[in-house]
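The structure appears below as structure tokens.
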Amino acid sequence: MSQTAWWASESLWRKSAIWVTGVSLIFLIYLTFDTLPYIKAGGTNVPGFSVINKRVDYQYDEAKHRYVPVIGQDEPLFGKMLTEEEAEALVSKGKLTTQAKNCMECHTLLGNGAYYAPDLTKAWLDPAWGSKEAREADMVAFLMDPTDKLHNSIGRRMPNLGITEEEARATVAFLKWMSAINTMGFPHNFKTLDQSDAPAAAPAATAPAAAAPAK
Amino acid sequence: MSALGVFNMANLNGGQKLGMKYLTVSLALFGVQILFGLLAGLQFLVPDFLFGIVDFSVNRTVHVNALVVWLLYGFMGGVYFMLEDEAKHPVVGLGLGNLIFWVLTAAVVVVVLVYLLVQVGPAEMSTIWLIIEGREYIEAPRWADIGIVVSMLVFFYNVMATFTKGRYTGIAGVLVMDLMALAGLYLAGMAYTPNISMDQFWWWWVIHLWVEATWEVLVGCIMAYMLMETMGVRRKIVETWLYIEVALMFGSGILGLGHHYFWIGTPEYWLTIGGFFSALEPVPLVAMVVHALFDSGVHKMKNSNHPALGWTVGQAAGNFFGAGVFGFMHTLPQINLYTHGTQWTASHGHLAFFGAYTTAVIGFFYLVAQKTRGNVWMSGNLPGNGWKWKWAMAMLWIGMIGMTVSLLIAGYAQSQIERAIEGSTWMGYFAAQGHPWFTQAMTWRQISGYGFLIGYILLVWDLLTIGKGETRPAQVVDAQSH
């Protein structure tokens, strides 16, 4: 081969590599700046931490053709209204608990993590908690000592991770806050716990925290 | 140079001796990864196995962290191994490189021991600093993060300074830029925030921009050197291809980051950007297949190291199928809505890491085995017809394909039962996990894992013995490359 065609020349591709990389990076940086206001707490898609004072639900939106979080009336977590700062401190403690206990290596959060245990994105709204009246206490009890509580029919259990009551309550706050993030319809088709104020008819036997032995 | 066929470190230059240390730890950690993968896999089948002692979360943490670290060690070893050859200059800062090797290795051992023995901590920042950060792939506590960044900076300095004092080739230029990005990106994943959306946004900067961009380019550099070394492919051709790959890889991979921004609270436009650019991500991988096959064909498969070439061609194919096809398969948001966070991801992850990176590092292991025995013959007509490397390769591939396909079937079952029908609730999740389609698939995954382990054992045995007592020097290939 005597003459290299222009499209196969080394210098053309060197320049292309530099330009393509540079332009892609500029776009990424621009999009990052554009995205940050959506995902900051209190941003377009991510609620402020004090959303844990409200009822959170997740319903299908006909116009958008996807499920969206629905923020409702006052419904303070553990019956106590918190300021934004107090709520942030509580949620932060819960988030720290999920990291310190390495939750993500069994569960997924926002769909990311490991696949040995259920996704936690909408765990606060899961119908398996039975009734909204029992939910908070059951979640705390479950987190503190999950091992011998009923989980499922296949014998997979959550180990006791030494979660204190304070950490468990904070984790519940974190989960409630996370369930209010607008995740563009993920997970799809999720049917939430009945949170209406009418007397709940849900049978408690399906609750994972029901004090039945695992086997 | 000592006698042919005798293992002797005197056969290596300074950079290669240091590279050899990294590659030795790399091979050992590969074994650790397999072991803990098998333990975690077994817990899917026998949930009470090691329950409360070494739980699934611990096994999987070690499994995925060993993966990241052994590949990084493999890359660093590969780069040190080729550095003096490429720069035509002894490694600058070799003493520092050696010191950092020992410090980093000691740190890795401590981190793994803490994972295994301490496991979790209280919800305090001290846990994040000293025990575990609890974020998949980058669980290492913050003290180790700082150590990793310092190590990467020393590595970057050694590579850059060596090229600067010696000569800058095309491969050198790409490598230096890439390593700078690699070290810098890690910083994006170190901060704590209570906001999970913000957390995962930056977390993906590290994970994605490492694995689907900078690592791919790094391995492209190593493969480029390998093709010149084993087949004598001309530098001009190899470097032109490398530039093409960089252009396509970064052109698709940087904004391909968007496929991780579908469901974490990020704005809707990421569905379009992520879907579009990640659909392009297989393109550079096709280019790499064409490149490897074209070069092999042009050189009529004549090369100085058959096992290394076998793994190089396997790398091209595995990267294309694992990262490219299996990635594309569930990367469009319309599909990903039902597959995100299921065994589909595990299926893709297994074949992609194996195809793109494991194969490349194993190919490099063979190059190193050849050089340490005085650059012996490793082409055709090996003793026993080279059965060990062939069977090692066959078992590793069969095991991996078995795991990948099994996990994919498990993923299908999840998408249908848990996601589409049951709507992703807790009960829906377990309805899928207990379904025979899922459990049978996980059984086959485990069996395939044992096959993979046999392949690994054969590989180690082969690497320790190949070329032993060999009296023929390496086949001479076209020497135009240097």
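What follows draws every value from the coordinates through simple rules; no lab data is involved. Keep in mind that what you see is a predicted model, and the values were worked out from it rather than measured. Quick reminder, even Gly has a Cβ in these numbers, built from the backbone with ideal geometry, and neighbours come from all protein chains shown.
Around the amide H of A:Asp119, modelled in the peptide plane, lie the amide H atoms of A:Thr108, all under 5 Å away and 5 or more residues distant in sequence or on another chain. Shielding value for B:58-69 is 2, the average number of Cβ atoms from other chains within 10 Å of each residue's Cβ. Counted residue by residue at 0.36 nm each, then reduced by the alpha carbon distance between them, the extension gain from B:Thr24 to B:Val290 reaches 92.6 nm. Computed about the Cα centre, the dipole magnitude for the range B:326-482 is approximately 440 debye when only Lys and Arg (+1) and Asp and Glu (-1) carry charge, each at its Cβ. Mean per-residue shielding of peptide B:45-55 is 3, counting Cβ atoms of other chains within 10 Å of each Cβ.
What is the calculated FRET efficiency for A:Glu165 to B:Trp391, with r their C-beta to C-beta distance and R₀ = 51 Å, to the nearest 0.05?
Details: r = 56 Å, r/R0 = 1.10.
According to the calculation, E is roughly 0.35.
Would you mind putting B:188-199, A:64-75, A:97-108 in packing order, based on average other-beta-carbon counts within 10 Å, highest first? Mind showing how you got there, number by number?
On the way: B:188-199: 18.8, A:64-75: 13.2, A:97-108: 24.6.
Answer by packing, highest mean first, reads A:97-108, B:188-199, A:64-75.
With only Lys, Arg, Asp and Glu charged, each at its Cβ (+1 for the first two, -1 for the last two), find how big the charge dipole of chain A is about the Cα centre; round to the nearest 20 debye.
On the way: 21 positive and 24 negative charges, 136 e Å.
Roughly 660 debye, rounded to the nearest 20.
With R₀ fixed at 35 Å, the C-beta to C-beta distance from B:Val460 to B:Asn381 puts the FRET efficiency at about 0.90. If you average the sequence gap of Cα pairs under 8 Å that are 6 or more apart and divide by the length of the range B:366-482, what percent do you get for the contact order? The value is 45 percent.
Relative to the longest principal axis of the Cα atoms of chain B, the long axis of helix B:56-87 makes an angle of roughly 20 degrees. Here the Karplus curve 6.51 cos²θ - 1.76 cosθ + 1.60, taken at θ = phi - 60°, turns the phi angles of the range A:146-153 into couplings of x, 4, 9, 8, 5, 10, 5, 8 Hz, with x standing for Gly and Pro.
Can you give the relative contact order of chain A as a percent, counting alpha carbon pairs under 8 Å and 6+ residues apart? Don't skip to the end; give the middle numbers.
Values: 306 pairs, mean separation 51.4, N = 215.
It comes to 24 percent, rounded to a whole number.
Between 0 and 90 degrees, the angle of helix B:196-209 with respect to the longest Cα principal axis of chain B falls at about 20 degrees. Within straight-line reach of A:Lys132, meaning a Cα separation under 27 Å, sit the following lysines at least 8 residues removed in sequence or on another chain: A:Lys54, A:Lys80, A:Lys93, A:Lys95, A:Lys101, A:Lys122, A:Lys149, A:Lys176, A:Lys191, A:Lys215. The HN-Hα couplings worked out from phi for the range A:127-141 by the Karplus form 6.51 cos²θ - 1.76 cosθ + 1.60 (θ = phi - 60°) are x, 5, 6, x, 9, 5, 5, 8, 4, 4, 5, 5, 5, 4, 4 Hz, whole numbers, x standing for Gly and Pro.
The C-alpha atoms of chain B define a longest principal axis, and helix B:94-117 lies at about 30 degrees to it.
The distance between label points at B:Arg167 and B:Tyr192 comes to 5.2 nm (points 7 Å beyond Cα on the Cα→Cβ vector). Only aspartates and glutamates eight or more places from B:Lys371 in sequence, or on another chain, were considered; those with a Cα closer than 13 Å are B:Asp85, B:Glu229, B:Glu470.
Working from label points 7 Å from Cα in the Cα-to-Cβ sense, the B:Trp143 to A:Ile26 distance is 4.5 nm.
Going by a ≥ b ≥ c, the root eigenvalues of the Cα gyration tensor, does the range B:335-476 fall in the rounded group (a/c under 1.5), the prolate group (a/b larger than b/c) or the oblate group? In terms of gyration-tensor shape, prolate.
Between B:Asn8 and B:Met180, the contour length at 0.36 nm per residue exceeds the alpha carbon distance by 58.6 nm.
With a 10 Å cut-off around each Cβ of B:336-346, the average count of Cβ atoms from other chains is 5. Scoring A:112-119, B:108-115 by mean Cβ neighbours within 10 Å over their residues and listing the highest first yields A:112-119, B:108-115. The slack in the chain from B:Ile335 to B:Tyr157, taken as 0.36 nm per residue of separation less the alpha-carbon distance, amounts to 59.7 nm.
Looking at the square roots a ≥ b ≥ c of the eigenvalues of the Cα gyration tensor of the range B:400-482, which shape do they give, rounded for a/c under 1.5, prolate if a/b is larger than b/c, or oblate? Verdict is prolate for the range B:400-482. Across the range B:344-353, rounded Karplus estimates of 3J(HN,Hα) from the backbone phi angles (6.51 cos²θ - 1.76 cosθ + 1.60, θ = phi - 60°) give 3, 5, 5, 4, 4, x, 4, 5, 5, 5 Hz, Gly and Pro being marked x.
Remark on B:Ala140: its backbone amide H falls under 5 Å from those of B:Glu133, a criterion applied only to residues 5 or more positions apart or on other chains, H modelled at 1.01 Å from N. Between amide H atoms placed 1.01 Å from N, distances below 5 Å from A:Lys54 occur with A:Glu75, all of them 5 or more places distant or on a separate chain. Between B:Thr439 and B:Asp85, the modelled labels are 5.2 nm apart [label points 7 Å from Cα along Cα→Cβ].
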